[in-house]
Amino acid sequence: MCLPVVLGALFIMSQAGAQPPATPVNRSAPVIDDQTCLSCHSDAGLSLTAHDGTALSLHIAQDALAKSVHAKIACADCHTGMAEIPHPERSFASRREVALVLDAQCRRCHFSNYTKTLDSVHQQAVARGDRTAPVYVDCHGSHDVKKPSTPRALVSQTCAKCHEGIATAYTRSVHGRALTQGNADVPVCTDCHHTHDVAGPRQTAWELRTPEMCGSCHANPTLMKKYGLSTNVLGTYLTDFHGKTASLRRTQGTSATGPVVARCTDCHGVHDIQKARDPQSPVIKANLLKTCRQCHADATANFPDSRCCRLCISS
């Protein structure tokens, strides 16, 4: 007669709003202890069937739970209102509905991060009814929550669950290859796109900060010295036509107004960045004319010999 502990909690959470709790969790209130919960949920066969026919496992792996960052948090702290045993039976349309319901529960403790997500491309997709857009449990998991950057490669692996094509391109890039080899200095997805307030690549605010974003590493003397790279790239960019125009538009808060202006990613690539001297790099001299012609369609063969191009190549 052991009914799943989680079902009653999911129903309660589905009714909850986005506001943080008015008072902290009252740990002195009568609650079900964890061992009572695990007496049912340690059963690997425990499951329910959603209306769409999908089997939903209700098994909780105790070893994964013990290694979670939430290991010291009691089951009842998250799964509130579970005093009644057996629990009232609940049903769900699909696995996705369960994830969306669970998402609301995370806000009780992580409300500040939740507010950041409101400006993210992910939450905007959720708001317009996109049920495939990621929510907390898609990125962090549920009972097996780990530190998001341990190991650092885990960040990009998490994003790859949805952005498979981009992840493939990144893995082949100079940054991605280094990360695969255990180099913690290279950028992962969240270094460029942020975490909870994930910015879309076509958003003006994100586009305007591209030089600053790349410069946070490439203008860092200590980091660049470690790899024998010049820190002059940002400075030379900001002193030429492209950089001055980009800086002016950032000051004005505009991006699309006026002629197109090249930023770092327009010349070097985005997720598929290669070393500047790699034969596949778009900024190696053999490929530079093709790169310039993305904006300057009538560029002649000697166009890459202009001052701004020479500055970039020499730095």
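Since every read-out is calculated from the coordinates, none of them should be taken as a lab result. Please read these numbers as outputs of a predicted model, since none were measured by experiment. Backbone-built Cβ (ideal geometry, glycine too); neighbour counts: all protein chains shown.
With +1 assigned to the C-beta of every Lys and Arg and -1 to the C-beta of every Asp and Glu, and no other charges, what is the dipole magnitude of region 96-183 about the Cα centre in debye, to the nearest 20?
On the way: 12 positive and 7 negative charges, 47 e Å.
Charge dipole of region 96-183: 220 debye, to the nearest 20.
What does the convex hull of the Cα atoms come to per residue for region 168-306, in Å³? Present the calculation step by step, with values, prior to reporting the outcome.
Numbers: hull volume 18.1 nm³, N = 139.
Normalising the Cα hull of region 168-306 by residue number yields 130 Å³.
Between Leu38 and Asp144, what is 0.36 nm times their sequence separation minus the Cα-Cα distance? Round to one decimal in nm.
Contour length minus Cα-Cα distance gives 36.7 nm.
Give me the distance in nm between label points sitting 7 Å out from Cα along the Cα-to-Cβ direction at Lys275 and Thr245, one decimal.
3.2
Using Cβ contacts closer than 10 Å as the measure, can you line up Glu97, Glu212, Glu84 from fewest to most?
Least to most surrounded, the residues fall as Glu84, Glu212, Glu97.
Which of Glu89, Glu207 has the fewest other C-beta atoms within 10 Å, and how do the rest follow up to the most? Present the calculation step by step, with values, prior to reporting the outcome.
On the way: Glu89 11, Glu207 18.
In order of increasing Cβ crowding within 10 Å: Glu89, Glu207.
Extending each Cα 7 Å along its Cβ direction at Asn287 and Gln157, get the distance between those two points in nm, one decimal.
That separation, rounded to one decimal, is 2.9 nm.
Compute the FRET efficiency between Ser91 and His59 as 1/(1 + (r/R0)^6), taking r as their Cβ-Cβ distance and R0 = 22 Å, and round to the nearest 0.05.
Working: r = 19 Å, r/R0 = 0.84.
The value I calculate is 0.75.
Which of the listed residues, Ala83, Ala55, Ala66, is farthest toward the dipole's positive end in region 51-90, when Lys, Arg count +1 and Asp, Glu count -1 at the beta-carbon?
Ranked along the dipole, the leading option is Ala66.
Given R₀ = 45 Å, FRET efficiency for Asp77-Asp266 by Cβ-Cβ distance, to 0.05?
Working: r = 49 Å, r/R0 = 1.08.
That gives a FRET efficiency of 0.40.
So for Val135, Val174, Val69, fewest C-beta neighbours within 10 Å to most, what's the order?
Numbers: Val135 20, Val174 17, Val69 13.
Taking fewest neighbouring Cβ atoms as first place, the list is Val69, Val174, Val135.
Considering amide H positions built from the backbone, and no H for Pro or chain starts, which residues 5 or more places from Leu56, or on another chain, come under 5 Å of its amide H?
Here the answer is Leu48, Thr49, Ala50, since their amide H atoms fall under 5 Å of that of Leu56.
Might you report the magnitude of the Cβ-based charge dipole of region 179-300 about its Cα centre, with Lys and Arg at +1 and Asp and Glu at -1, to the nearest 20 debye?
Working: 13 positive and 10 negative charges, 58 e Å.
Around 280 debye, computed over region 179-300.
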